[in-house]
Structure formats: structure tokens, C-alpha cells
1. For the chain, compute the number of Lys pairs whose alpha carbons are separated by less than 29 Å, excluding pairs fewer than 8 positions apart on the same chain.
2. Heavy-atom accessible area of residue 250 with all protein chains present, probe 1.4 Å, nearest 10 Å²?
3. What is the magnitude of the charge dipole of the chain about its Cα centre, with +1 placed on the Cβ of each Lys and Arg, -1 on the Cβ of each Asp and Glu, and no other charges, expressed in debye to the nearest 20?
4. Compute the signed sum of charges (Lys and Arg +1, Asp and Glu -1) over the other residues within less than 12 Å, Cβ to Cβ, of residue 241.
5. Residue by residue through the range 279-295, which ³J(HN,Hα) values in whole Hz follow from phi under the Karplus form 6.51 cos²θ - 1.76 cosθ + 1.60 (θ = phi - 60°), with glycine and proline marked x?
6. Any number yet on Rg/Rh for the range 147-239, C-alpha, Kirkwood?
7. Starting from the Cα gyration tensor of the range 238-291, take the square roots of the eigenvalues, sort them a ≥ b ≥ c, and report rounded, prolate or oblate (rounded when a/c is under 1.5, otherwise prolate if a/b is larger than b/c, else oblate).
8. Take the Cβ-Cβ distance between residue 17 and residue 322 as r, set R0 to 25 Å, and report the resulting FRET efficiency rounded to the nearest 0.05.
Amino acid sequence: MNEREKQILKILRRNPLIQQHEIAQILDISRSRVAAHIMDLMRKGAIKGKGYILTEQDYCVALGAINMDIRGVADIRFPEPSSHPGAIQCAAGGVARNIAHNLALLGREVHLISAVGSDFYGETLLEQTRQAGVNVQSTIRLHGQSTATYLSIANPQDDTVLAINDTHILQGLTPQLLNQSRELLAHAGVVLADCNLTTESLEWVFTLAGDVPVFVDTVSEFKAERVKPWLSRIHTLKPTLKELQILAECDDRQAALTALHEKGVQRIVVCLEDDSVLCSEQGAEPFLLTPPAHPVVDRFGADDAFMAGLIYGFLDGSDFADSARFAVACAALSRASESINNPTLSVDNTLSLLDSQP
């Protein structure tokens, strides 16, 4: 499929009822050329007959954490053995789950493979995630275990003072249980794995994924090391700067990027503390993207929206630079909401934000 055909498919996905002359105006080509491209897309099976009914889109399989996020905000600067007045909120969370939720908001088919306990949190998480549009049929219920929970305490400046991540249940998500989803994984357009998975489960993912591109969210400095044996199989890696340095065993930023590319990582995106993103692709110069001007309400969860945007762009056929710009705008929309997953996140709203920038 050539670039022009990819552009036409992107337009049709956003507006299946659009007329050929409108597509011609958007792309600044003749209507006859649009008609010829559409005929080619029909021959290739990308469009099913009249009405621009598109063939089934490539889907994403997200593997990793689903947990209840319990977040408190109080006027404290470090942990103290006393009670503080503040505000506490509970919300569906987990890196893989949040990314899947955001992808569903962007209109993509996404399947979540994870584990929940036979408790109230587990049932609540499954229902909320299902309502968001994520397919949770492959998420396993482990009886007698507690659903994963993430507890964090922040100060009014949005700085995390203390966080505890209980994802022990994922130790029960064994390769034996994962095997029931092997066909789902093998036919995916992209696989997203977060490093909350055990080393055995990550091995299963990389082994079964085959030629399917694997995107990895490192999650934390401690868990990032779990993907070291699989760097040559990673298509896109999203670490923090510190996690990048740990994986590359190098403190110099540029040298660390080069080292990981030499080990086989095709693309690397590093979300920095000022909300900018360092982007690097094998064989190309790194570039820095700054966030679009937009209100900031809460930064929690913005990195997950960024990864969702990156996956969306990849599945949509965009190049790395365009995918990264789209992802940065997704993160900006996430920061404008009190919710971990901004319910107003959509392709149209993301593109409108990008178009509004000078």
C-alpha cells in the first residue's frame, strides 16, 4: 500500500460517508485520481464494495497491569507518621489497562490480557474497562487472589510523595494461562506489553509475537530490567530518562539512545519531566517534541495517553514523526482532565488541538 492510499484510508476511517471530490480537495489531487486509488484499495481488499466499508482494522493486544488506583492529595512533603486532611479518589488504572482505554477512546479495537481477583475491585475494573470499549474477554479471574492496587500520595503541587504498587497477582498470569490467547496475539497488528509482567510472561510475549511489532512500557526503574534480554525484539520502547540509562548502562543520553538502537530497539520515546518527549529512530537523528499549549489540570496518566497515541499512529500507517506529534497532543488532552483517562479524548479533538497550534 502506497502513501497516498494510506492517506485516503485515514480519511475514510474518520468519515466513511465522505464524497470523492471532498477527498480530492483535502489531498489537493483530482477526483479521478481519488477514484483510481479507491479502486486499487478495493482490489487489495482494504475497502469492501460501495459505501467505503473498510475491512477489519488491525487490532492491538495490551498485556500487563489492570489495577485500582487509589490516589490521595495532602499538604505534605515527605511521609510522616500522622494523619493529614486531604482528598482521596479511586479510579480504574494500570499501565496496560490505561493505554487500552485510551486506544478505545481513539476508536481502535483493543484487547486486554491481564488478571483480576475474585473481589469487588476486580468486578468493578472489568465493568468499567468494558464500558470504555476495551475487549476484556482475555482478562483472567484468579480466585482467592486480590486485584492489583496502586496507592499514591501527592502534594498540592502534584509531586508524588509516596507510592505503593501491589501487582503480585500478575505472578499468577503464567505462560500456561496465557497460552489460551496465543492466536489472538499472533494475529494482532501490534502488541503492547508493560513490565509489570513477570520475566516468564514477557518471554512468552516476545516468543509468541513473532513478526508482530511489540511496544514496551518499562513502568519503573526496578521493572525495566526485565526486558533487557529482549531489546532486539522491541519495536518501540518508552522509558523514562533514568530507565533509558539503566537499560543502556550509560549515563550520556545520546550514547544511551545509540546503544539501545545498536541492540535492536527500532524506536525510543522518552517522556521528560517538562512534558517534552525525546524521540529517536534507528538510522535517524533524534528530535525533541514540546507539548502544545493547553491547560494542565493533572499530569497523572498522560504518559499512557501518549503511548496510546503512538500505537494509534502506527496502526494508522503514519510515520514516526507524525505518530509522535499525535501522541504528544493525546498526552496534552490527558493533562487537561481530572480523570486518568480523559473521556473527551478522540481523534478529532487531538487533530483539532494540533491544528490550533501556531
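The values are calculated or read from the model by the stated rules, or taken from the named source; none is laboratory data. Please read these numbers as outputs of a predicted model, since none were measured by experiment. FYI the Cβ positions are ideal-geometry reconstructions off the backbone, even for glycines, and counts take in every protein chain you see. Accessible surface areas use protein heavy atoms only, side chains included; no ligands, DNA or RNA. Shrake-Rupley method; radii C 1.70, N 1.55, O 1.52, S 1.80 Å.
1. Final tally of qualifying lysine pairs is 16.
2. 40 Å²
3. Rounded to the nearest 20 debye, it is 1240 debye.
4. Numbers: positive: 238, 242, 253; negative: 221, 243, 251, 252, 273, 274.
With Lys, Arg at +1 and Asp, Glu at -1, the net is -3.
5. Computed from phi, the couplings for the range 279-295 are 10, 9, 10, 3, x, 9, 6, x, 9, 10, 10, 9, x, x, 5, 6, x Hz.
6. We get a ratio of 1.03 for the range 147-239.
7. Cα axes put the range 238-291 in the oblate bin.
8. Working: r = 25 Å, r/R0 = 0.99.
Efficiency for this residue pair is about 0.50.
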